[in-house]
Amino acid sequence: MGSYLRPTALGQALEALGEGPRTIVAGGTDHYPARVGRQIDEDVLDISALRELRGIADTRKQVRIGALTTWSDLVRAPLPAWFDGLKQAAREVGGLQVQNAGTLCGNVCNASPAADGVPSLLALDARVELSARDRVRELPLSEFITGNRRTQRGHDELVTALIVPKPGKGARSTFLKLGARKYMVISIVMVAGVLVPGRGGKIADLRIAVGACSEVAQRLSALEADLTGRPMTAALAKPEHLAPLGPIDDIRGTAAYRRDAALTLVRRALARLMIAP
Amino acid sequence: MKRESRTVEFTLNGAAVSAAVDPGSRLSEVLREDLGLKGTKVGCEAGDCGACTVLLDGEQVCACMVPAGQVAGRDVTTVEGLAAKGGLNALQQAFHRHGAAQCGICTPGMLMAASDLLRRNAKPNRRAVMDALGGVLCRCTGYRKIVEAILDVAKAQAPPVDPPAGAAVGARLAKIDGQAKLTGVEAFGDDVAPRDALLLRVARAPYARARFTIGTLDRLYADHPGLLRVLTADDVPGNNGFGIYPHIKDQPVLAEDRVRYRGEAVLALVGEAAAVRAIPEEEIPILWYAQEAVAGIEAALAPDAPAVQEDKPDNVLTRGRLVKGDVEAGFAAADHVVEGAWQTGFVEHAYIEPEAGCARRVGDRIEVTVTTQAPYMDRDETAQVLGVAPEQVRIVPSACGGGFGGKLDVSVQPLLALAAWLTGRPVRCAYTRPESMAASTKRHPARITARAGCTDEGEITAFRFHGDFNTGAYASWGPTVADRVPVHCTGPYFVPNVAASSTAVLTNEPPAGAFRGFGVPQAALAHEALMDMMAEQAGIDPIEFRIKNAMAAGLETATGQRLEASVGLVDCLEKVQPYWEDWRTAAVMRNAVKKTVKRGVGVGCMWYGCGNTSISNPSTMTVGVSRDGRVTLYNGVADIGQGSNTIMVQICADALGVPAGTVGYVMGDTDRTADAGKSSASRQTFVSGKAAELAGADLRAQVLRLTNAGPKAEIKIGKRRIVVRDGADRHEIDLAALPELAAGDVLRGSGTFDPPTTKLDENGQGTPYGTYGFAAQIAEVEVDVDLGTVKVRRMVAAHDVGRAINPVQVEGQIHGGIAQGLGLALMEEYLPGRTENLHDYLIPTVGDMPEIEVIIVEDPEPLGPYGAKGIGEPALIPTAPAILGAIYQATGLRMTRLPVTPDRLRAAILARERDGGND
Ligand SMILES: Cc1cc2nc3c(=O)[nH]c(=O)nc-3n(C[C@H](O)[C@H](O)[C@H](O)COP(=O)(O)OP(=O)(O)OC[C@H]3O[C@@H](n4cnc5c(N)ncnc54)[C@H](O)[C@@H]3O)c2cc1C
Ligand code: FES
Ligand code: FES
């Protein structure tokens, strides 16, 4: 018979995880859909009452997104323009019900190839804070997610925050999602970008990430390298820039389509980033 | 094993509650099962449908994804908490006025999502409303009236006034069962079971074709003490087979030693709910021997294909055929000949309410309360499975949360009846969403080739058609599709020479059955594209071309039936024509400057025979007056959201000559109503409506006869007497003085109507239907040519319905039909084992719907009640052809494979670029 724990202090939660593995539940929006028609009886750690994990905190160098931050919390938070892309992703997750309950951390931990939060967080160079009863560590998001529904989280660890370092001055961001209907749709492709403008209309820093086109969303580093330092006008992505992607055929689209659409979306994202707000 | 319960204290609809619950269970389950609040609906348990939407601390969430433990100390509002008992708040009133609830299963979720919005924003704009409703699916309404209702809440409005006697037909009367749907009181299939009911759970085939054996069940019983009975094929006392046709009962209730599609029922576990739920799938001792399955029409028709059903070695279930005139001569006379091939996939009904019901044994009778479209068919089917007389079975339809053809075949009925029969206890069952999708029938995938010819003047001379329809593992409605398609294959046009054929092909795929249109929507893709192609070759505008060839009164159809009246197609086309010209011109001008997003406008027409094809399909209605002056319509029609409860009362009230508001009704209970057939084939308004009219007229005639009053006399039914005024004369009938006839009634009128049809001969010639509906729709789309995405921006739909008994409901049917047609055109394709949920199988959301202008054309049908005929299926048929036509104007591509998903359209665009041509 499974037990259900809903501690109110982080220490208790980490203690419980230290004693043995448990299914962590935050907003439940991935948890329950994965258990349709099944008896739900595993040992659960419900982290929703952990006050310490709420809220978005802005420190000098970085922004810390607490593990219980929901998509709606993020949308409502007053944040700088380089969060616009992530906010756009938040507005396109599921319907409002899912945005009100689902957390960014849950999205990252669930590690779906189509997780809409991941490309923006990758483009923001986000790091994942993992806490256990005896240690805290930080990993770059790109290392944390290792595959389709696989992460580096140890059984005794809880993701306590996502940490976003501040990009350069004037940074802006964008997010484009392609799905086969308007609301509540799993992405066929999504593209996120962050651009830091430099002097003389040049690109000082550029980061582009593509989701749903490989097991784990990927940054397009060759594209980023090619365009950084170039003028903000004629920046064009080429098919070879998509080399890191490995799309597959599935019910939502063919691999060939994904590659083609990804290129279109990357170009559109670049075009948007080039236009000063 | 269920977790230990814990006390959770929270505020529910303003009152403090303290409930001992499993904190890890879904809030939806706690609300419905532990606290008995059934207003919160469950359509998927996966966050996909939003039917379970409630407010948590004022914000909308899906109750199926909230752990019960998380509501501790918080505030939960459900639909039951929106207004004081018996009343409606401003939002609910707006829903009522606008006809925003059809079946009503999505309504609680819609209301809660809208409440969340209105709390934040009292005067939202359209965009905000759509964003707020984005997470709630509706399969009936096309969302238009829901959005309008929410935009209208802020405006205070006088409550609607009931029409006076004689003015109900044609009135925009609010649904007479609307209130219950808006307050959460309405009981659907999973809301009817008593608390102590046993649970039935079906074990289903994981393979599309396999043999199996069932091992010993001792272990299962021993490990799960609450498990009372495992039902297998051996337990079926009567015939272990069901099917629509009296002579084809080919689908086993429980498979015997082999299965023919993934999702087929193999055995049923019956016992205490918690125990039955807790049994892990892998503990059920079924030993499988998987075999190579026959997937798709091509594989089934291959010379060496294994037989899906042993007695049909060629995998052909049935063939349809029609020959009129001399098709070769017709093609020889043509100046232009066009042809094409089309392909569609399985389409899922995706009603938001999965199959559900409850059965109990009462002595030597069995009563099944169930969500259904066909109470009398259910009764006879259940009886033959139990091996009892039909009179021993009582079917009581619950409210039905959407059917669209999918609830015409039995699902839970025979299983529940069997379980209750054998255990003597009430037994309930509700399919999970994946189970519903795997087990239930689908729209037939079609493979169509067609060819048509016309003269330079644009006169059609010949039409040839062949359609193969994948009917899946069992017959279901396959023969109906094979019969209906050839009759309709030319579209609503006069064609002198026709040769048409159809084949229903068996495969190891889900049984394809009835789905809004019975194969006609697939055939319409072909005839409408051919019309466009001929028009283009002849250099005639597509609408002019259609008008030139339109079916009209006095002309003969492909079956040689001379249509006498009510053929409003030209009128429909002329009504959409002004929009067509404006939109087409605007698109051309815009496309000249826009490179990426191209617009296009297309047209689709249809005709549709109301009622069963060439067979008798009578309806009988009875209306009674009780001693205390209550008028009751005994209405055997299952209201599946289309609104027949309201329509039948409107018709009957006018025929009787009393206000509609004074007529009560009993819906579909086989013990209390006569057989009014099934709610399908767009027949209920036409056929049962006529019976309701005749019943009302019969009762009126009796009243007039008893009082010797003339035909114009006014009838007033009071508490104990009927007062009849005939000019200056006043007569009275003392109801107390009359002997009781039945069920407390002292007067009864009844009416039966069976539309006049004849059998079709070996060339498919004859009179298959009593009347036909006609329509023209136009659609404007926007195509992003770089991504292959299509957005339908706006549509105009002109439908000849004979007479709109209730215009609100006609509009609602059209909106909903367009939504399903749009889904068929652009996104819906069911793949067994791969899209068995509502996030991989996509149906349109509120954000996918175009603006829609509905134009009701009334060319009265002399046979129908007050001139009315059907609208249910006609609403969907022209939509996909209109969208495909629009995509053609936007891109120059004639898409022939549905759905036109972004990847398919983009691939076609790229292929054309590669070929450098325009083909
Ligand atoms: C209808 C619907 C539509 C959706 N649409 C989208 C969409 O468009 N785009 C999209 O990306 N996603 C979508 N989702 C998925 C889902 O909403 C997100 O992934 C969500 O953000 C998950 O957060 P949660 O808090 O609900 O996670 P939960 O379900 O509570 O948990 C998710 C997983 O993460 C683990 N977990 C959660 N928090 C932690 C933590 N702090 N530390 C360690 N492990 C943790 C859990 O154990 C579990 O494995 C949709 C879901 C539904 C039901
Ligand atoms: S039942 Fe909760 S979303 Fe469908
Ligand atoms: S009214 Fe919305 S699903 Fe039926």
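The values are calculated or read from the model by the stated rules, or taken from the named source; none is laboratory data. Given the structure is predicted, the values throughout are model-derived calculations rather than measurements. When we count neighbours, we look across all protein chains shown, and the Cβ atoms used for this are built from the backbone with ideal geometry, even at glycine. Heavy atoms of the whole protein, side chains included, go into the accessibility calculation; ligands, DNA and RNA do not. Shrake-Rupley method; radii C 1.70, N 1.55, O 1.52, S 1.80 Å.
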message: Considering only residues that are touching a strand residue (DSSP E or B) at 6+ places or on another chain (Cβ under 6 Å) and of a type in the set (Phe, Trp, Tyr), which ones fall in segment B:498-551?
response: B:Phe515
- prompt: So is B:Ile105 open to solvent by less than 30 Å² (accessible area, probe 1.4 Å) and either within 12 Å of chain A (Cβ to nearest Cβ) or within 15 Å of ligand 2 (Cβ to nearest atom) (or both) or not?
  reply: yes
- request: Being open to solvent by less than 30 Å² (accessible area, probe 1.4 Å) and modelled with pLDDT under 95 is the filter here, so list the residues in segment B:731-743 that pass it.
  value: none
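Considering only segment B:11-62, state which residues are among the hydroxyl-bearing types (Ser, Thr, Tyr) and within 29 Å of the chain's Cα centre (by Cα). Steps first, please.
Here is the first cut: in segment B:11-62, the ones among the hydroxyl-bearing types (Ser, Thr, Tyr) are B:11, B:18, B:25, B:28, B:40, B:53.
Of everything in segment B:11-62, those that are among the hydroxyl-bearing types (Ser, Thr, Tyr) and within 29 Å of the chain's Cα centre (by Cα) turn out to be B:Ser28, B:Thr40, B:Thr53.
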- prompt: Could you count how many residues in segment B:315-370 are within 16 Å of ligand 3 (Cβ to nearest atom) and among the acidic types (Asp, Glu)?
  reply: 3
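Based on what the data block shows, is B:Gly405 out of contact with any Pro (no Cβ under 7 Å at 6 or more places or on another chain), open to solvent by less than 10 Å² (accessible area, probe 1.4 Å), away from ligand 2 (no atom under 16 Å from the Cβ) and at pLDDT 95 or above? Explain how you work it out, then say what you get.
Working: out of contact with any Pro (no Cβ under 7 Å at 6 or more places or on another chain): yes; open to solvent by less than 10 Å² (accessible area, probe 1.4 Å): yes; away from ligand 2 (no atom under 16 Å from the Cβ): yes; at pLDDT 95 or above: yes.
Spelling it out, B:Gly405 is indeed out of contact with any Pro (no Cβ under 7 Å at 6 or more places or on another chain), open to solvent by less than 10 Å² (accessible area, probe 1.4 Å), away from ligand 2 (no atom under 16 Å from the Cβ) and at pLDDT 95 or above.
Please state which one of B:Pro67, B:Pro23 is touching a His at 6+ places or on another chain (Cβ under 9 Å), of a type outside the set (Val, Ile, Thr), away from ligand 2 (no atom under 11 Å from the Cβ) and more than 18 Å from B:Phe188 (Cβ to Cβ). Please lay out each step first, then the result.
Details: B:Pro23 fails: touching a His at 6+ places or on another chain (Cβ under 9 Å).
Only one candidate qualifies: B:Pro67.
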- prompt: Name the residues in segment B:132-175 that are free of Cβ contacts under 8 Å to residues at least 40 places away in the same chain and not small (Gly, Ala, Ser), would you?
  reply: B:Leu151, B:Lys155, B:Val161
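Please verify whether segment B:702-720 includes one or more residues that are under 25 Å from B:Val801 (Cβ atoms), open to solvent by 40 Å² or more (accessible area, probe 1.4 Å) and outside any strand (DSSP E or B). Give the steps one after another, and end with the answer.
To start, the set of residues in segment B:702-720 that are under 25 Å from B:Val801 (Cβ atoms) comprises none.
No, segment B:702-720 contains no residue that is under 25 Å from B:Val801 (Cβ atoms), open to solvent by 40 Å² or more (accessible area, probe 1.4 Å) and outside any strand (DSSP E or B).
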- request: Would you mind finding the one in B:Asp915, B:Asp903 that is open to solvent by 20 Å² or more (accessible area, probe 1.4 Å), in contact with a helix residue (DSSP H, G or I) (Cβ under 7 Å, 6 or more places away or on another chain), more than 21 Å from B:Asp541 (Cβ to Cβ) and acidic (Asp, Glu)?
  value: B:Asp903
- prompt: B:Val66 versus (1) more than 11 Å from chain A (Cβ to nearest Cβ); (2) surrounded by 24 or more Cβ atoms within 10 Å (Cβ to Cβ): which is the lone unmet condition?
  reply: (1)
statement: The correct count of residues that are over 16 Å from the mean Cα position of the chain (by Cα) and more than 12 Å from chain B (Cβ to nearest Cβ) in segment A:77-97 is 5
- prompt: Within segment B:49-60, is there a residue that is modelled with pLDDT of 95 or more and under 29 Å from B:Gly226 (Cβ atoms)?
  reply: yes
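Looking at A:Cys109, A:Cys105, can you tell me which residue is under 25 Å from A:Val189 (Cα atoms), open to solvent by 10 Å² or more (accessible area, probe 1.4 Å), outside any strand (DSSP E or B) and away from ligand 3 (no atom under 16 Å from the Cβ)? Walk me through it before giving the result.
On the way: A:Cys105 fails: open to solvent by 10 Å² or more (accessible area, probe 1.4 Å).
None of the others qualify; the one that does is A:Cys109.
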task: Give the number of residues within segment B:45-61 that are open to solvent by less than 10 Å² (accessible area, probe 1.4 Å) and within 16 Å of ligand 3 (Cβ to nearest atom).
output: 5
- line: Checked against (1) without any contact (Cβ under 8 Å) to a residue 60 or more places away in the chain; (2) within 10 Å of chain A (Cβ to nearest Cβ), B:Leu31 satisfies every condition except (2)
message: So the check is Cβ under 6 Å with 6+ separation or different chains; which pairs have a first residue in segment B:39-53 that's more than 11 Å from chain A (Cβ to nearest Cβ) and a second one that's polar (S, T, N, Q) and open to solvent by less than 10 Å² (accessible area, probe 1.4 Å)?
response: B:Gly39/B:Thr78; B:Thr40/B:Ser28; B:Thr40/B:Thr78
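Within segment A:245-260, restricting attention to residues that are in a helix (DSSP H, G or I) and either touching a helix residue (DSSP H, G or I) at 6+ places or on another chain (Cβ under 7 Å) or among the charged types (D, E, K, R) (or both), which residue is nearest to the other protein chains (Cβ to nearest Cβ)?
As a first pass, look at segment A:245-260 and keep what is in a helix (DSSP H, G or I): A:255-260.
Subset that is either touching a helix residue (DSSP H, G or I) at 6+ places or on another chain (Cβ under 7 Å) or among the charged types (D, E, K, R) (or both): A:257-260.
Details: A:Tyr257: 4, A:Arg258: 8, A:Arg259: 11, A:Asp260: 6 Å.
Top of the filtered list is A:Tyr257.
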message: Any residue that is modelled with pLDDT of 95 or more, assigned to a helix (DSSP H, G or I) and within 16 Å of ligand 2 (Cβ to nearest atom) - is there at least one of those in segment A:85-96?
response: yes
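Just the residues that are surrounded by 13 or more Cβ atoms within 10 Å (Cβ to Cβ) and among the acidic types (Asp, Glu), please, taken from segment B:721-730. So that I can check it myself, show each step before the final result.
In the first step, residues of segment B:721-730 are kept if they are surrounded by 13 or more Cβ atoms within 10 Å (Cβ to Cβ); the result is B:721-726, B:730.
Answer for segment B:721-730, where residues must be surrounded by 13 or more Cβ atoms within 10 Å (Cβ to Cβ) and among the acidic types (Asp, Glu): just B:Asp726.
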- prompt: In this structure, is B:Arg425 basic (Lys, Arg), in contact with a strand residue (DSSP E or B) (Cβ under 8 Å, 6 or more places away or on another chain) and open to solvent by less than 10 Å² (accessible area, probe 1.4 Å)?
  reply: no
statement: When segment A:139-182 is checked residue by residue, the ones that are over 22 Å from A:Ile47 (Cα atoms), within 14 Å of the chain's Cα centre (by Cα), of a type in the set (A, V, I, L, M, F, W, C) and open to solvent by 10 Å² or more (accessible area, probe 1.4 Å) are A:Leu176
message: Yes or no: segment B:878-891 includes at least one residue that is over 21 Å from the mean Cα position of the chain (by Cα), part of a loop (DSSP other than H, G, I, E, B) and assigned by TED's automatic domain parsing to the domain that holds B:Tyr579.
response: no
field: Every residue from segment B:247-305 that is of a type in the set (Asp, Glu), open to solvent by 20 Å² or more (accessible area, probe 1.4 Å) and in a loop (DSSP other than H, G, I, E, B)
entry: B:Asp250, B:Glu256, B:Asp257, B:Glu272, B:Glu292, B:Asp304
- request: Answer yes or no: is there a residue in segment B:77-94 that is within 16 Å of ligand 1 (Cβ to nearest atom), open to solvent by less than 10 Å² (accessible area, probe 1.4 Å) and under 30 Å from A:Ile24 (Cα atoms).
  value: no
message: Looking only at segment A:41-74, count every residue that is out of contact with any strand residue (DSSP E or B) (no Cβ under 8 Å at 6 or more places or on another chain) and either open to solvent by less than 40 Å² (accessible area, probe 1.4 Å) or at positive phi (or both) and tell me the total.
response: 2
